[in-house]
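> The structure that follows is given in the form of structure tokens.
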Amino acid sequence: MRECFELRDADAGGRIGELTVPRADATVETPALLPVINPNLDTISPRRLAEEFGAEILITNSYIIYGTEDVRERALEEGLHDLLDFPGAIMTDSGSFQLAEYGEIDVTTEEILDFQHRIGSDIATPVDIPTPPDVPRERAADELATTQERLEFAEGVDTGEMLVTAPVQGSTYPDLREDAGRHAAGTDLDVFPVGAVVPLMNDYRYDDMIDAVAGAKRGLGADAPVHLFGAGHPMMFALAVAMGCDLFDSAAYALYARDDRYLTVRGTRHLEDLEYLPCSCPVCTAHSPDDLRALGDERREEELAAHNLHVTFEEIRRIKQAIRAGNLLELVEQRARAHPTMLDGYRTLLDHADQLERSDPVSKGAFFYTSHESARRPEVVRHHRRLERLAVPDALFLTEGRTDGGDAYDESWRVQPPFGPFPRSLSKSYPLTAEVPDRTDRGALAAAADGVARLVEDNPETEFALGHRGWPADVLARVPDRVELIELSGDAE
Ligand SMILES: [Zn+2]
């Protein structure tokens, strides 16, 4: 276990954790949002972030401080906490982002780590190489090797109580991300940002983002705190948390406000397009869109930034509550409807249902089947896997409804889409207590048929019949031929 991170609760790949930040003498509850503070201009003061928004941690760029002479001198003299006037934990970035944007920076890992230590950063970052998406594999691998050398070097720098991050790169090659994750987890560094995903998010490539994070997570293992570097839009937090991200940094709240953009969990709106403000934060209850439009530039930017932050923190709280209640995936399903590319992200998340299943709790409140994607959730994967461990009689009738028609069989089990067959003794246990719509869909039926097939294949000696309510031919084709099919008429049991 990493000493600085403790897991408290889990749902799918998401978790509530505690990140201990010794140098700040603080414990940060995750998932956490780190507002990005530009030391040269703050739209919302760090003090206000802590007091009004409850920010426990923020992130600022040590490279900008390093490169701005008067700010550098003050940071060295007063320390970062006094300079920014922030009572919580402060994480610093190293200039890697500037490296990605401008091609070079004039500082080494040793210099910038030492500088971060001297200005009183609580969590510091080495200079890694943020390899963009879609580069040739050779370049991604070469740059990853350089990043790994720097992480090994960073391990050797005396940084006292300051935590140090180990960024995970690898571009759009999930196997390189996995190698990078394994290597990073093998160092004694503390926090693990998944790097260079901003270009993916800017292009709405949430599917590729999920694959990158899933790869990194396979290498990092469950006990590593994971930061999704540069992810600041609340629309995608639930999705990223469900894949196992713990920390997010938001510059979006301020950058978007500067362009009159209004964040919502269903996407971004332009202030000029809004006739109503669909939000109950202090900004939106005190103003109409016309009021906001009438404000001077600076005030309007500040008010919009405050709204953007309220929405962002609210979503983090909603996600934490969803993890506690065990309905994080229901929230992800809702968010997936915000944009077709978010739906791609969710469908990609479900490609990793096996991986999510490992951390998903065995029992939760209730499983709500709310779209055909629900049929691919980790709970369904787990039920199918459990089938091989169940004892079956010599002749077994599997039925969606009535038990008659199966008199020739020793026992009858229920079949419920999307799970498939189970002994009646399990019908009160999670997830078989699921709420499923009466008007079921092909995804649920196909998953149930796959469950039947799995049970039949696991028990070659047993004779099976399946009582179904009008399953279509292509769904029945998933059931092995040796199963006797009985079409049921009438309604419920
Ligand atoms: Zn608002």
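> Taking the options ALA252, ALA242, ALA212, name whichever one is surrounded by 23 or more Cβ atoms within 10 Å (Cβ to Cβ), under 19 Å from the mean Cα position of the chain (by Cα) and within 16 Å of the ligand (Cβ to nearest atom).
ALA252
> Does at least one position in segment 387-397 carry a residue that is among the basic types (Lys, Arg) and within 14 Å of the chain's Cα centre (by Cα)?
No, that holds for no residue.
> Hey, could you check segment 367-409 for residues that are in contact with a strand residue (DSSP E or B) (Cβ under 6 Å, 6 or more places away or on another chain) and among the aliphatic types (A, V, I, L, M) and say which is nearest to PRO421 (Cα to Cα)?
Among residues in segment 367-409 that are in contact with a strand residue (DSSP E or B) (Cβ under 6 Å, 6 or more places away or on another chain) and among the aliphatic types (A, V, I, L, M), the one nearest to PRO421 (Cα to Cα) is LEU398.
> If I go through segment 113-162 residue by residue, how many of them are under 27 Å from the mean Cα position of the chain (by Cα), open to solvent by less than 20 Å² (accessible area, probe 1.4 Å) and among the small types (Gly, Ala, Ser)?
3
For (1) in a helix (DSSP H, G or I); (2) in contact (Cβ under 8 Å) with a residue 24 or more places away in the chain, each residue gets a yes or a no:
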| position | (1), (2) |
| --- | --- |
| VAL392 | no, yes |
| ARG402 | no, yes |
| TYR430 | no, yes |
| THR433 | no, yes |
| GLY443 | yes, yes |
| ALA447 | yes, yes |
| GLY451 | yes, yes |
| GLU457 | yes, no |
| GLU461 | no, yes |
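> Turning to a different aspect of this structure: Of the residues in segment 188-198, how many are open to solvent by less than 10 Å² (accessible area, probe 1.4 Å) and in contact with an Asp or Glu (Cβ under 8 Å, 6 or more places away or on another chain)?
The qualifying residues number 2.
> Out of (1) open to solvent by 10 Å² or more (accessible area, probe 1.4 Å); (2) out of contact with any Phe, Trp or Tyr (no Cβ under 8 Å at 6 or more places or on another chain), the odd one out for ARG424 is which?
(2)
> A further question follows. Looking only at helices (runs of 4 or more DSSP H) that fall completely inside segment 274-332, which ones have 3 or more residues that are within 15 Å of the ligand (Cβ to nearest atom) and surrounded by 21 or more Cβ atoms within 10 Å (Cβ to Cβ)?
Of the helices (runs of 4 or more DSSP H) lying wholly inside segment 274-332, those with at least 3 residues that are within 15 Å of the ligand (Cβ to nearest atom) and surrounded by 21 or more Cβ atoms within 10 Å (Cβ to Cβ) span 297-325.
The rows are residues; the columns are (1) under 30 Å from GLY467 (Cβ atoms); (2) touching a residue at least 24 places away in the same chain (Cβ under 8 Å); (3) of a type in the set (A, V, I, L, M).
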{"site": "ALA305", "(1), (2), (3)": "no, yes, yes"}
{"site": "MET342", "(1), (2), (3)": "no, yes, yes"}
{"site": "ALA353", "(1), (2), (3)": "yes, yes, yes"}
{"site": "GLU379", "(1), (2), (3)": "yes, yes, no"}
{"site": "ARG382", "(1), (2), (3)": "yes, yes, no"}
{"site": "ALA395", "(1), (2), (3)": "yes, yes, yes"}
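> Looking at segment 1-59 only, could you name the residues that are basic (Lys, Arg), assigned to a strand (DSSP E or B) and over 22 Å from GLY230 (Cβ atoms)?
ARG8
> Scan segment 78-107 for residues that are more than 31 Å from the chain's Cα centre (by Cα), farther than 14 Å from GLY67 by Cβ and open to solvent by 70 Å² or more (accessible area, probe 1.4 Å) and jot them down.
GLU78, ASP82
> On the basis of being open to solvent by 40 Å² or more (accessible area, probe 1.4 Å), over 25 Å from LEU41 (Cβ atoms), more than 16 Å from the ligand (Cβ to nearest atom) and of a type outside the set (Asp, Glu), does ALA338 make the cut?
no
> Looking only at residues that are within 15 Å of the ligand (Cβ to nearest atom) and part of a helix (DSSP H, G or I) in segment 255-273, which one is surrounded by the fewest Cβ atoms within 10 Å (Cβ to Cβ)?
LEU271
The values are calculated or read from the model by the stated rules, or taken from the named source; none is laboratory data. Small disclaimer: the values here were computed from a predicted structure and weren't measured. Heads up, the Cβs are rebuilt from the backbone with ideal geometry, glycines too, and the neighbour counts pull from every protein chain shown. Keep in mind that these areas ignore ligands, DNA and RNA; they rest on the heavy atoms of the full protein, side chains included. Shrake-Rupley method; radii C 1.70, N 1.55, O 1.52, S 1.80 Å.
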